[in-house]
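Peer 1: Pasting a structure below so you can have a look.
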Amino acid sequence: MITRRLFCGCLAGGLSFAATAAHAQSTECAVFTPDRQKTITPDGAVARLKAGNERFTAGKSVNCNLMEQVKQTAKDQSPFAAIVGCIDSRVPPELVFDQRIGDVFCARVAGNIANTDIIGSLEYSTKVVGAKAIVVLGHNSCGAIKAAVDNVKLGNITALLTHFKPALATLTKADGHLDSHNYPLVQKVAEANARLTAASLTKRSPIIKALVDAKQLTIVAAMHDITTGKVSWLA
Ligand SMILES: [Zn+2]
C-alpha cells in the first residue's frame with residue numbers, strides 16, 4: 001500500500017512537473033511580435049528578466065526550437081528589453097536571463113559603459129523598435145573594472161578606462177588600498193559603474209528621457225554574480 005501510494009505520488013508529481021515544463025515551453029518559446037510587445041509594460045519587462053534568471057539559476061532554462069524562432073522572426077523583430085552588458089564570456093545576457101531569438105537587444109562592451117554608440121543603439125532599441133526596459137548589467141570580478149582600479153595604460157584600453165572615472169570617484173579612504181586584489185573595492189566600483197551608467201542614459205539622451213517620463217520605458221541597474229549565476233537588482 002505504501003509502495004503504491006508512493007508510486008502514485010511520484011507519478012502525479014512527474015506529470016505535474018511535465019505539465020509545468022510544457023506550459024513554460026509554450027509561453028517562453030512564443031516569439032515577440034509587435035502586438036505581443038505592446039502587451040508588455042516596463043515593469044513587466046523587468047519581471048520577465050527576473051523570472052528568466054530564476055529559471056537559469058534553478059537549472060530550468062526553457063529548451064525552445066531556436067530554428068523555429070529564427071523562421072518566425074525573419075521578417076521583423078520586437079524585443080521587449082535591451083541589455084547593456086560586459087563582454088565577459090561568463091555573462092552572456094541571453095543565457096543568464098533565459099531568453100532566446102528576438103527577445104532582447106544586447107549591447108556588450110568591456111565594463112558595460114555607455115558611450116555615444118551604445119546610447120544610439122539604445123535609442124534604436126527603445127524609440128524605434130519599442131523595447132520597454134533597459135538593464136545595465138555589471139558583474140563581480142570584472143576585468144575592465146580591475147584594470148581601471150589599477151590604472152592600466154595599454155593601447156585603446158587606456159581610452160576605454162576613462163569611462164570609469166565617475167565610479168572611481170565614489171571611493172573614499174575607508175574603501176582601502178586602490179588595488180584590484182581588494183575585492184570589496186572592485187565590487188563597489190562595479191556597482192557604482194552600473195548605477196551611474198544607468199543614470200547617465202536619461203541625462204545624455206533626450207529621446208530616452210522622454211520615454212521614461214512618459215512611463216513607456218524603465219531603466220534598471222543590476223549585478224551578475226559569476227560564481228552563482230544570480231542577478232541582483234540594484235535600487
Ligand atoms: Zn566585465
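Peer 1: Can you give me the orientation-averaged projected area of the convex hull built on the Cα atoms of segment 112-221, in nm²?
Peer 2: About 7.1 nm², averaged over all directions.
Peer 1: Further, regarding this structure: Just add up the charged neighbours of Glu68: K/R +1, D/E -1, any other residue whose Cβ is under 15 Å from the Cβ of Glu68.
Peer 2: +1
Peer 1: OK, next. Of Thr33, Pro166, Asn151, which is farthest towards the positive pole of the chain's charge dipole, taken about the Cα centre with +1 and -1 on the beta-carbons of Lys, Arg and Asp, Glu respectively?
Peer 2: Thr33
Peer 1: For the chain, find the longest principal axis of its Cα atoms and tell me its angle to the long axis of helix 42-57, 0 to 90°, nearest 10.
Peer 2: It works out to around 70 degrees.
Peer 1: Ranked highest first by average number of other Cβ atoms within 10 Å, how do 30-42, 87-99 line up?
Peer 2: For the peptides 30-42, 87-99, the packing ranking is 87-99, 30-42.
Peer 1: Please compute the modelled spin-label separation between Lys165 and Lys127, points set 7 Å along Cα→Cβ, answer in nm with one decimal.
Peer 2: 2.7
Peer 1: Something else: Beta carbons within 10 angstrom, averaged per residue: use that to sort the peptides 215-224, 53-62, highest first.
Peer 2: Output ranking for 215-224, 53-62: 215-224, 53-62.
Peer 1: Under the rule of at least 5 residues apart or a separate chain, name every residue whose amide H is placed under 5 Å from the amide H of Val84.
Peer 2: Ala107, Val135, Val136, Leu137
Peer 1: Pull up the cross-link candidates among the lysines for Lys75, meaning alpha carbon to alpha carbon under 29 Å and not fewer than 8 places away within one chain.
Peer 2: Partners within reach: Lys38, Lys50, Lys127, Lys132, Lys215.
Any read-out appearing in this document is the output of simple, stated calculations on the displayed coordinates, not a laboratory observation. Since the structure is predicted, the reported quantities are computational estimates derived from the model, not experimental observations. Note that each Cβ is placed from the backbone with ideal geometry, even for glycine, and that neighbours are counted across all protein chains shown.
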